[in-house]
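Worksheet for the structure shown next.
All of the numbers you see were taken from the coordinates with simple rules; none came from a lab. All figures in this text were calculated on a predicted structure; none of them were measured in a lab. A quick note on method: Cβ atoms are made from the backbone with ideal geometry, for glycine too, and the neighbour counts reach across all protein chains shown.
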Amino acid sequence: MFERKGYELKPNPKTGRYRLISGNWKMNLNHLEAIQLVQKLYFALRDVDYAYTEISVHPPATDLRPIQLLIESDKMRFSLGAQNCYYETNGAYTGEVSAGMLAKLNVKYVIVGHSERRRIFGESDEMVAKKIQAVFSEAMTPILCVGETHDEREKGLTDEVLSRQVRIALQDLTGELASKTVIAYEPIWAIGTGNVATAEDASSGAQLIRQEITEMFGSSVASGVRVQYGGSVTPVTAPELLDAEGVDGFLVGGASLDAETFARIIRA
Ligand code: PEP
């Protein structure tokens with residue numbers, strides 16, 4: 001009924017990479033509220049807003065099925081994303097959801113290793129690596145989150161932390177799969193704090209990430225990898241951050257819960 005015609009996603013002419021802006025709703029919105037948000041977002045965007053930006057929404061697991069049905073029935077130009085998955089295929093893992101279950105819902109992107117999962121639920125780099133394998137084994141794309149804490153930054157450990165997180169997470173991948181991974185540089189001091197990083201911070205994080213990937217897989221893989229910035233992005237800070245060298249989009253938390261605000265970020 002609401003089919004959008006006359007547009008096709010184009011790569012950023014400067015980088016050849018496709019921009020991706022993702023809304024991570026975290027543990028917010030039941031499925032009825034989620035449906036309302038997606039409808040409002042759809043009506044807030046115009047055709048041109050989709051031209052250079054792929055948009056993914058990452059609702060809580062209980063909302064995935066209704067949002068999948070909404071997107072597909074109304075042919076909305078949103079990609080469906082999940083916030084997490086477990087790496088085993090099935091079995092006695094109470095409360096967990098497998099990559100295969102997400103794939104059956106036509107989930108395209110799965111956030112892996114978000115700092116809240118690492119900090120609150122004790123996810124190690126090794127678990128993150130297994131989750132990435134699981135996501136790829138179901139033909140979905142992981143959005144790997146990496147980033148340093150305020151303390152690590154103060155101690156000059158940012159490079160070390162980012163290279164460790166990237167290296168362990170990608171170590172078992174082929175170059176082909178590594179190049180398909182989306183990496184979200186999310187300095188932990190900027191997440192949900194209102195302390196947004198500068199464009200220079202975002203660029204330098206993206207550069208450190210690509211440097212590690214170059215060492216592991218070579219420069220052509222590194223130049224294919226999309227790097228998002230995440231951490232207190234708002235419509236005011238978005239234009240400058242999106243222009244930052246090496247940044248291919250955003251992972252947005254709080255600001256993605258309001259349709260108009262998220263739409264203004266997408267229009268950046
Ligand atoms: C996030 O959770 O990934 C995030 C970036 O949150 P916020 O935008 O609220 O800082």
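Counting pairs of alpha carbon atoms under 8 Å apart in space and at least six apart in sequence, what relative contact order in percent does segment 3-267 give? Walk me through the numbers on the way to the answer.
Numbers: 510 pairs, mean separation 52.8, N = 265.
Contact order relative to length: 20 percent.
What 222 nm value per residue comes from the helices of the chain, counting each DSSP H run with n ≥ 4 as -39,500 (n - 2.57) and dividing by all residues, nearest 500 deg cm²/dmol? Mind showing how you got there, number by number?
Numbers: 12 runs with 111 residues, N = 268.
That calculation yields -12000 deg cm²/dmol at 222 nm.
Place a +1 charge on the Cβ of each Lys and Arg in the chain and a -1 charge on the Cβ of each Asp and Glu, then give the dipole magnitude about the Cα centre in debye, rounded to the nearest 20.
On the way: 28 positive and 35 negative charges, 153 e Å.
About 740 debye.
What list of whole percents do you get for P(r) of segment 164-268, with Cα-Cα distances grouped in 10 Å bins up to the one holding the largest distance?
16, 46, 28, 10, 0
Roughly how many nanometres apart are two label points built 7 Å out from the Cα toward the Cβ at GLN36 and ARG267?
My value for the distance between the label points is 2.3 nm.
What is the distance in Å between the Cα centroid of segment 180-233 and that of segment 103-120?
Comparing the Cα centres of segment 180-233 and segment 103-120, I get a distance of 17 Å.
Quick one: compute the contact order of segment 89-209, relative version, from alpha carbon pairs under 8 angstrom and 6+ residues apart, as a percent. Let's see the in-between values first.
Details: 135 pairs, mean separation 30.7, N = 121.
Result for segment 89-209 is 25 percent.
Between LYS130 and GLU160, what is the label-to-label distance in nm when each label sits 7 Å out along the Cα-to-Cβ direction?
2.7 nm
At 7 Å along Cα-to-Cβ for each site, give me the label-to-label distance between THR234 and ARG17 in nm.
2.6 nm
Kirkwood Rh over alpha-carbon pairs of the chain, then Stokes-Einstein at 37 °C and 0.692 mPa s: what D in µm² s⁻¹, rounded to an integer?
Details: Rh = 18.5 Å.
Once the numbers are plugged in, D ends up at 178 µm²/s.
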